Amino acid sequence: MTVRSELASAISALPSNTIHQEFVSQDEFFAMKNFIPQSIVERICDEFAKLRPKINRNYIPKHKKGGSVSRFTLEKYSPTIKEIYETPEFFDFLNNLVGGDLQDCPPEDPHAYALYCYTEPGDHIGFHYDTSYYKGRRYTILIGIIDNSSCKLEYDLFTKNPQKETTTHSTSLDPGDLVFFNGDNLYHRVTPLGEGEERIALTLEYVTDQSMGWFPRFVSNMKDSIAYFGFKNVFLGKKGTTQ
Ligand SMILES: [Fe+2]
């Protein structure tokens, strides 16, 4: 079976109405254990073995520490991740949840799909929103790939909703687990990696408007360079990836 057919088959078995209600009632957030079939996770793990030397490490005191692999590297070395991002049935499932105006990220966005690699003790990210620098909304997906860790994804719902009390939550991201949310709504962090642990997560990003003003583009590129992928990767795109 291809990645597309396996993923499409898993999605066709989901209770889409229930998920839609959950997504809307939680200000555009939902989480599901074992969403991605383990056979697909295993393919990504195999491809990741070759990607380890290409992890770009980053450190921002008091906010984040970890490693990342950008879309430009993944599209060369992880056909499985590229295929997930481009699977029409997956896109349609997400698009139905958000109301029908979803689009892929533009090809120059290094965050369209990326790996977050926590491999050293203390790797983490502090509380933040996945702010949209695009003119429309930005949606984030997180998928567990490897999780031999005590890390938790901690998140607060309804922080910007005056009608509801904020609620706090915590979950591990085991292999195949998925969360999907509007980046401007979800206040979240990942707790620090312990000694001898490892946590690899895949992130995918979709938007509702591919356009971005020149200043938000500058801010977004600087953030991606410093906090995630390195200047060469962000500003040279495919040409900046290591061979
Ligand atoms: Fe985030």
Might you check whether a residue that is of a type in the set (Ser, Thr, Tyr), within 16 Å of the ligand (Cβ to nearest atom), in a loop (DSSP other than H, G, I, E, B) and more than 22 Å from ARG52 (Cα to Cα) occurs anywhere in segment 161-168? no
Select from segment 66-77 the residues that are open to solvent by less than 40 Å² (accessible area, probe 1.4 Å) and either within 19 Å of PRO192 (Cα to Cα) or in contact with a helix residue (DSSP H, G or I) (Cβ under 6 Å, 6 or more places away or on another chain) (or both) and list them in ascending order. GLY66, GLY67, SER68, VAL69, SER70, PHE72, THR73, LEU74
Mind counting the residues in segment 100-117 that are open to solvent by 20 Å² or more (accessible area, probe 1.4 Å), more than 12 Å from the ligand (Cβ to nearest atom) and under 30 Å from GLU195 (Cβ atoms)? 0
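Could you say which residue among TYR155, TYR206, TYR118, TYR187 is at pLDDT 95 or above, aromatic (Phe, Trp, Tyr) and within 18 Å of ASN58 (Cα to Cα)? Show your work before the answer.
Values: TYR155 fails: within 18 Å of ASN58 (Cα to Cα); TYR206 fails: within 18 Å of ASN58 (Cα to Cα); TYR187 fails: within 18 Å of ASN58 (Cα to Cα).
The unique qualifying residue is TYR118.
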Answer with yes or no whether LYS76 is within 15 Å of the chain's Cα centre (by Cα), in a helix (DSSP H, G or I) and of a type in the set (Lys, Arg). no
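Can you give me the number of residues within segment 129-151 that are surrounded by fewer than 14 Cβ atoms within 10 Å (Cβ to Cβ) and within 16 Å of the ligand (Cβ to nearest atom)? Step through it out loud before you land on a result.
Of segment 129-151, the ones surrounded by fewer than 14 Cβ atoms within 10 Å (Cβ to Cβ) are 131, 135, 148, 150.
Imposing the further condition that a residue be within 16 Å of the ligand (Cβ to nearest atom) reduces the set to 131.
Count: 1.
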Can you tell me which of ASN221, ASN182 is surrounded by 16 or more Cβ atoms within 10 Å (Cβ to Cβ) and either of a type in the set (Val, Ile, Thr) or in contact with a Lys or Arg (Cβ under 8 Å, 6 or more places away or on another chain) (or both)? ASN182
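Within segment 170-192, work out how many residues are assigned to a strand (DSSP E or B) and within 16 Å of the ligand (Cβ to nearest atom).
Narrowing segment 170-192 to residues assigned to a strand (DSSP E or B): 170-171, 175, 178-182, 187-190.
From what is left, the residues that are within 16 Å of the ligand (Cβ to nearest atom) are 170-171, 178-182, 187-190.
Selection size over segment 170-192: 11.
Among the listed residues GLU42, GLU86, GLU28, GLU22, which satisfies the condition of being open to solvent by 50 Å² or more (accessible area, probe 1.4 Å), among the acidic types (Asp, Glu) and under 19 Å from VAL207 (Cα atoms)?
Numbers: GLU42 fails: under 19 Å from VAL207 (Cα atoms); GLU28 fails: open to solvent by 50 Å² or more (accessible area, probe 1.4 Å); GLU22 fails: under 19 Å from VAL207 (Cα atoms).
Testing whether each residue is open to solvent by 50 Å² or more (accessible area, probe 1.4 Å), among the acidic types (Asp, Glu) and under 19 Å from VAL207 (Cα atoms) leaves just GLU86.
Report yes if some residue within segment 24-33 is touching a helix residue (DSSP H, G or I) at 6+ places or on another chain (Cβ under 6 Å), at pLDDT 95 or above and over 24 Å from THR191 (Cα atoms); otherwise report no. So that I can check it myself, show each step before the final result.
First pass over segment 24-33, keeping only residues touching a helix residue (DSSP H, G or I) at 6+ places or on another chain (Cβ under 6 Å): 30.
Among the residues that remain, those that are also at pLDDT 95 or above are: 30.
Right, trim to over 24 Å from THR191 (Cα atoms) and you get none.
No, segment 24-33 contains no residue that is touching a helix residue (DSSP H, G or I) at 6+ places or on another chain (Cβ under 6 Å), at pLDDT 95 or above and over 24 Å from THR191 (Cα atoms).
Can you tell me which of TYR85, TYR133 is farther than 18 Å from VAL179 by Cα and among the aromatic types (Phe, Trp, Tyr)? Before you say what the answer is, go through the steps one by one.
Details: TYR85 fails: farther than 18 Å from VAL179 by Cα.
TYR133 is the lone residue from the list that is farther than 18 Å from VAL179 by Cα and among the aromatic types (Phe, Trp, Tyr).
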Just one listed residue, out of GLU154, GLU120, GLU195, is part of a strand (DSSP E or B), of a type outside the set (Gly, Ala, Ser) and open to solvent by 10 Å² or more (accessible area, probe 1.4 Å), and it is GLU154
Can you go through ARG4, ARG57 and tell me which one is among the charged types (D, E, K, R), assigned to a helix (DSSP H, G or I) and open to solvent by 70 Å² or more (accessible area, probe 1.4 Å)? ARG4
Given the conditions (1) at negative phi; (2) part of a loop (DSSP other than H, G, I, E, B), report the number of the one that PHE91 does not fulfil. (2)
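The values are calculated or read from the model by the stated rules, or taken from the named source; none is laboratory data. Since the structure is predicted, the reported quantities are computational estimates derived from the model, not experimental observations. Please note: Cβ atoms are built from the backbone with ideal geometry, for glycine as well, and neighbour counts cover all protein chains shown. Quick note on the areas: whole protein, heavy atoms, side chains included, nothing else; ligands and nucleic acids left out. Shrake-Rupley method; radii C 1.70, N 1.55, O 1.52, S 1.80 Å.
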